[in-house]
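Remarks on the structure that follows.
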Amino acid sequence: MKKQILSLAVVSTLSLGAVISPMYANAESISSLEQKKQEALNKRSGLNSEIDEKKSAITEIQSDQEKVKSEIGALDTAVKDTENKIKEKNAQIDQTTAEIEQLKVEIAELIERINKRNALLKDKARSMQESGGTISYMDVLLGAQSFSDFIDRVNAVTTIVQADKDILVQHQKDKDDLEKKQKQVETKLSDLQSMKKELEALKGQLKGKIARQQELMKELEQEEHQMHGEINDIAEQQKILASQADAIEKAIALEKKRQAEIAAEQERQAKLAREQAQLARDRAAAQKKSGTSESSAPASAPQVLAPPVSNGMFMWPARGYVSSSTGSRGGAYHYGIDIASGGTVPIVAAADGYVSQSYTSSSYGEVIFITHSINGKIYTTVYAHMRTGSRTVGPGSVVSKGQRIGTMGNTGQSSGQHLHFELHDGPWTPDKRNYVNPIPYLR
Ligand SMILES: [Zn+2]
């Protein structure tokens with residue numbers, strides 16, 4: 001967001017300068033060029049503050065990353081803690097389950113003992129009956145020989161019965177106790193199990209939180225990566241602008257020199273004409289005739305596949321067909337035309353000029369920027385995606401129209417061999433606001 005605001009600010013300050021572009025008056029056009037150069041420098045300092053903005057944004061992103069990292073660390077600790085608690089619960093569950101198993105064994109043993117005791121008592125009763133025919137406790141009591149004998153028998157029978165009864169009652173009580181204990185332990189077990197379930201749910205939540213934090217971390221890393229990419233882009237733009245300011249100056253000097261040469265040539269021609277006229281007059285006076293003229297047109301030696309040098313303002317930079325024109329293209333804006341062709345296709349300078357940049361860009365691939373000064377007006381041409389190692393001119397080279405500067409290729413962000421060609425009516429700017437459709441200019 002900050003980036004956009006900044007860019008808008010830069011654009012609005014620069015667009016004022018764009019309105020003033022005198023075309024012919026020489027002194028005026030030179031001052032306009034000086035202004036363009038100043039614009040390029042201003043734009044550069046704007047980009048510097050844009051880089052500073054982005055750098056501080058990266059610092060912010062990095063501190064966010066630190067926060068997320070420590071958050072993930074805390075969550076990891078919480079997960080470990082929860083895992084330990086689950087382990088603890090598992091141990092308790094194992095222990096309680098073993099306890100229940102033990103109680104079940106004890107209850108089974110007790111039940112067996114009670115059954116045995118019951119059987120024993122039944123046997124005892126049966127044997128008492130069998131040994132005395134129809135003898136029962138009552139018979140035993142009624143068979144007393146005397147009162148004291150009766151008391152003895154009562155005591156004996158009562159003791160036996162009571163003892164048996166006590167044992168049975170005790171056994172029953174033990175059994176009840178054990179069953180009660182088993183129930184308690186089973187309750188404890190189910191409590192433990194539900195606690196474990198809660199802990200596992202907690203662990204799941206923590207893991208979910210970690211996943212979200214990691215997602216956030218990834219986003220922050222991507223953001224940082226993108227920011228670095230943007231800084232690189234701006235740094236590339238700065239480089240282009242820096243060398244362009246110099247190129248504009250050089251292009252102006254070239255044009256001044258050319259104009260001076262034209263003036264000198266005109267002066268020379270005029271002088272020659274004057275001399276020849278004088279000579280003719282002299283000869284006429286001498287009644288003699290003479291005159292030879294030698295003209296040697298520069299032998300044009302066009303490269304095999306290079307386009308012919310034209311008289312137009314700009315010539316076609318390569319042979320081929322226009323595979324894509326300027327305008328919206330797949331959501332992005334295309335600031336140039338694509339000229340496509342197979343084979344080894346020479347790329348030539350579209351007009352006389354001064355090479356401001358010749359380098360390898362991640363997007364443009366092998367690319368050359370040429371600054372032209374034509375009729376006191378600055379133009380910029382860009383030749384992108386050239387074949388690796390094919391560039392024949394470096395920054396600072398003076399090139400003439402039709403001079404080969406490289407070979408059509410497929411470097412940078414390109415799919416298939418083509419020349420991406422841009423024409424800017426003015427200096428190149430990062431927002432490419434000076435771009436024009438080059439086709440009407442190409443002859
Ligand atoms: Zn293109």
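Out of all the residues in the stretch 331-345, is one or more assigned to a loop (DSSP other than H, G, I, E, B), closer than 25 Å to Gln259 by Cα, more than 16 Å from the ligand (Cβ to nearest atom) and not hydroxyl-bearing (Ser, Thr, Tyr)?
No, because not a single residue in the stretch 331-345 is assigned to a loop (DSSP other than H, G, I, E, B), closer than 25 Å to Gln259 by Cα, more than 16 Å from the ligand (Cβ to nearest atom) and not hydroxyl-bearing (Ser, Thr, Tyr).
Hey, Thr407 hits all of (1) under 14 Å from Ile339 (Cβ atoms); (2) within 16 Å of the ligand (Cβ to nearest atom) but one; which does it fall short on?
Answer for Thr407: the failing condition is (2).
Quick one: Gly396 ticks every box in (1) more than 18 Å from Ile240 (Cα to Cα); (2) more than 16 Å from the ligand (Cβ to nearest atom) except a single one, so which number is it?
So the condition that Gly396 fails would be (1).
Just checking, how many residues over the stretch 373-393 are modelled with pLDDT of 95 or more and either on the phi < 0 side of the Ramachandran plot or among the acidic types (Asp, Glu) (or both)?
13
Cβ-Cβ under 6 Å, sequence separation 6+ or interchain: first residue in the stretch 384-413 and in contact (Cβ under 8 Å) with a residue 60 or more places away in the chain, partner part of a loop (DSSP other than H, G, I, E, B) and within 16 Å of the ligand (Cβ to nearest atom). Which pairs?
From the stretch 384-413, the pairs are Thr407/Arg387; Met408/Ala318; Met408/Val345; Met408/Gln417.
Scan the stretch 413-427 for residues that are in a loop (DSSP other than H, G, I, E, B) and within 15 Å of the ligand (Cβ to nearest atom) and report the count.
Counting residues in the stretch 413-427 that are in a loop (DSSP other than H, G, I, E, B) and within 15 Å of the ligand (Cβ to nearest atom) gives 5.
Asp176: assigned to a helix (DSSP H, G or I), over 60 Å from the mean Cα position of the chain (by Cα) and surrounded by fewer than 15 Cβ atoms within 10 Å (Cβ to Cβ), yes or no?
yes
If the requirement is being within 27 Å of Asn375 (Cβ to Cβ), among the polar types (S, T, N, Q) and at pLDDT 95 or above, which of these qualifies: Ser310, Ser358, Ser300, Ser325?
After ruling out the rest, the residue left standing is Ser358.
Counting only residues that are without any contact (Cβ under 8 Å) to a residue 24 or more places away in the chain and among the charged types (D, E, K, R), which one in the stretch 177-192 is farthest from Ile107 (Cα to Cα)?
Asp191
Give the residue that is nearest to the ligand (Cβ to nearest atom), with candidates limited to residues of the stretch 384-393 that are farther than 27 Å from Ala253 by Cβ and in a loop (DSSP other than H, G, I, E, B).
Looking at the filtered set, the residue picked out is Arg387.
In this structure, does Lys188 turn out to be exposed (fewer than 13 other Cβ atoms within 10 Å of the Cβ) and more than 30 Å from Gln65 (Cβ to Cβ)?
no
State all residues of the stretch 353-377 that are within 15 Å of the ligand (Cβ to nearest atom) and among the charged types (D, E, K, R); if no residue qualifies, say none.
Within the stretch 353-377, just Glu366 meets the criteria.
Would you be able to say whether some residue in the stretch 416-423 is under 29 Å from the mean Cα position of the chain (by Cα), modelled with pLDDT under 95 and surrounded by fewer than 18 Cβ atoms within 10 Å (Cβ to Cβ)?
yes
Can you name the condition, by its number, that Ala350 falls short on among (1) within 16 Å of the ligand (Cβ to nearest atom); (2) in a strand (DSSP E or B); (3) closer than 22 Å to Gly426 by Cβ; (4) not basic (Lys, Arg)?
(2)
Do we have any residue at all in the stretch 431-438 that's within 16 Å of the ligand (Cβ to nearest atom) and within 22 Å of Ala235 (Cβ to Cβ)?
yes
The values are calculated or read from the model by the stated rules, or taken from the named source; none is laboratory data. Quantities reported herein were computed from a predicted structural model and do not represent experimental measurements. Methodologically, a virtual Cβ is constructed for each residue, glycine included, from the backbone with ideal geometry; neighbour enumeration extends over all protein chains shown.
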